């Protein structure tokens, strides 16, 4: 089975629609549907229409419960400003959808066990990056929200694609669909082949001009937001 792994859509509908065209049998979303982008309502609706299992990210949590997203200082003012916009776009049913999203999903397919969460097994706010020390990851694994009894840990949050081994554990991050921050502006996703355990990372061009036009028309801090999309960081 081919599982399409997607994360950090951030209300970028055009990028989201593009990655869904990748051939797959199932899709799973690792959270952060909202903030930064112009179409949080349409992205939520598409996830529901496609019946895609989705995890609650820190931005989803902030929108749903009016909580601190605890994101990095560099982008925090943008997340706060666009959250006001997001609340104006989402109705009560979509807010309710965000509130009910789980923090962890566990899957076993073709004998492969996957533990899926937004950021780390311990918290929706912690980053596992390519440069994160092994010791720090081991601490996250020692005190998880739910026991990690899988050989594959799948996370998002950093917006940076990653395929990393830590002992017997493979840590996968598909990168960000709608807000890449690795200096590649193309939408990022990954396909996990459950039979072989192989992971294919994909970068896809999408209509970034259409997204930027909507941001400029509707959103605060438009110049900063479009600049991030056009730079890839």
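Given 4 °C and 1.567 mPa s, how large is the Stokes-Einstein diffusion coefficient of region 134-233 in µm²/s, with Rh as the Kirkwood radius over Cα pairs?
Diffusion coefficient, whole number: 84 µm²/s.
Could you tell me the center-to-center distance, by alpha carbons, between region 98-119 and region 13-52 in angstrom?
17 Å
Take region 41-167, compute every pairwise Cα distance, and split them into 10 Å bins from 0; I just need the percent in each bin.
For region 41-167, the pair-distance distribution reads 11, 39, 34, 14, 1.
I'd like the distance between the alpha-carbon centres of region 154-189 and region 60-77, rounded to an integer number of Å.
About 20 Å separates the Cα centre of region 154-189 from the one of region 60-77.
Which angle between 0 and 90 degrees, to the nearest 10, do you get for helix 222-231 versus the longest principal axis of the chain when only C-alpha atoms count?
40 degrees
By per-residue mean of other Cβ atoms within 10 Å, what is the highest-first order of 21-34, 3-16, 106-119, 137-150? Please list the in-between numbers first.
Values: 21-34: 21.9, 3-16: 27.5, 106-119: 18.7, 137-150: 14.9.
Ranking the peptides 21-34, 3-16, 106-119, 137-150 by packing returns 3-16, 21-34, 106-119, 137-150.
Hey, any idea what the orientation-averaged projected area of the convex hull of region 2-231's Cα atoms comes to, in nm²? Provide the component values of the computation, followed by the final result.
Values: hull surface 45.4 nm².
Orientation-averaged projected area of the Cα hull: 11.4 nm².
Could you list 49, 214 so that the one with the fewest beta carbons within 10 Å of its beta carbon is first and the one with the most is last? Don't skip to the end; give the middle numbers.
Details: 49 8, 214 19.
Starting with the residue having the fewest Cβ neighbours, the order is 49, 214.
Once you put a point 7 Å from the Cα of residue 65 and another 7 Å from the Cα of residue 17, both along the Cβ direction, what distance in nm separates them?
In this crude spin-label approximation the distance works out to 3.4 nm.
Antiparallel as a % of all DSSP beta bridges within the chain, to the nearest 5? Mind dumping the intermediate values first?
On the way: 22 of 33 bridges.
Antiparallel: roughly 65 percent of the beta bridges in the chain.
Grab the Cα-Cα distance for residue 108 and residue 166, subtract it from 0.36 nm times how many residues apart they are, and report the gain in nm with one decimal.
So the chain would gain 18.9 nm between residue 108 and residue 166.
Using a basic spin-label model with each label point 7 Å from the Cα along Cα→Cβ, how many nm lie between residue 222 and residue 138?
That separation, rounded to one decimal, is 5.1 nm.
Report, in degrees rounded to the nearest 10, the 0 to 90 angle that the Cα long axis of helix 40-49 makes with the longest principal axis of the chain.
Helix 40-49 sits at roughly 50 degrees to that axis.
Which whole-number percent gives the relative contact order of region 2-231, counting Cα pairs below 8 Å spaced six or more residues apart? Please list the in-between numbers first.
Numbers: 496 pairs, mean separation 55.5, N = 230.
Reported as a whole number, the value is 24 percent.
What ranking of 152, 201, 192 emerges when the number of other C-beta atoms within 10 Å of each C-beta is taken as an exposure proxy, fewest first?
Details: 152 19, 201 16, 192 26.
With the fewest neighbours first, 152, 201, 192 line up as 201, 152, 192.
Return the distance in nm (one decimal) between the two label points of a simple spin-label model at residue 146 and residue 74, each offset 7 Å from Cα along Cα→Cβ.
My value for the distance between the label points is 3.2 nm.
Helix 73-89: angle to the longest alpha-carbon principal axis of the chain, degrees 0 to 90, nearest 10?
Roughly 70 degrees between the two axes.
What Kirkwood hydrodynamic radius, in Å, does region 88-155 give when the mean of 1/r is taken over all pairs of distinct Cα atoms and then inverted?
Numbers: mean 1/r = 0.0739 Å⁻¹.
By the Kirkwood definition, the hydrodynamic radius is 13.5 Å.
Hey, with R₀ at 30 Å, roughly what FRET efficiency would residue 93 and residue 200 work out to, going by the Cβ-Cβ distance, to 0.05? Mind showing how you got there, number by number?
On the way: r = 35 Å, r/R0 = 1.18.
Taking R0 as 30 Å, the efficiency between residue 93 and residue 200 is 0.25.
No lab work stands behind these numbers, since they all come straight from the coordinates. Owing to the predicted nature of the structure, the values given are computational and were not obtained by experimental measurement. So basically every Cβ, Gly included, is an ideal-geometry build from the backbone, and we count neighbours across all protein chains shown.
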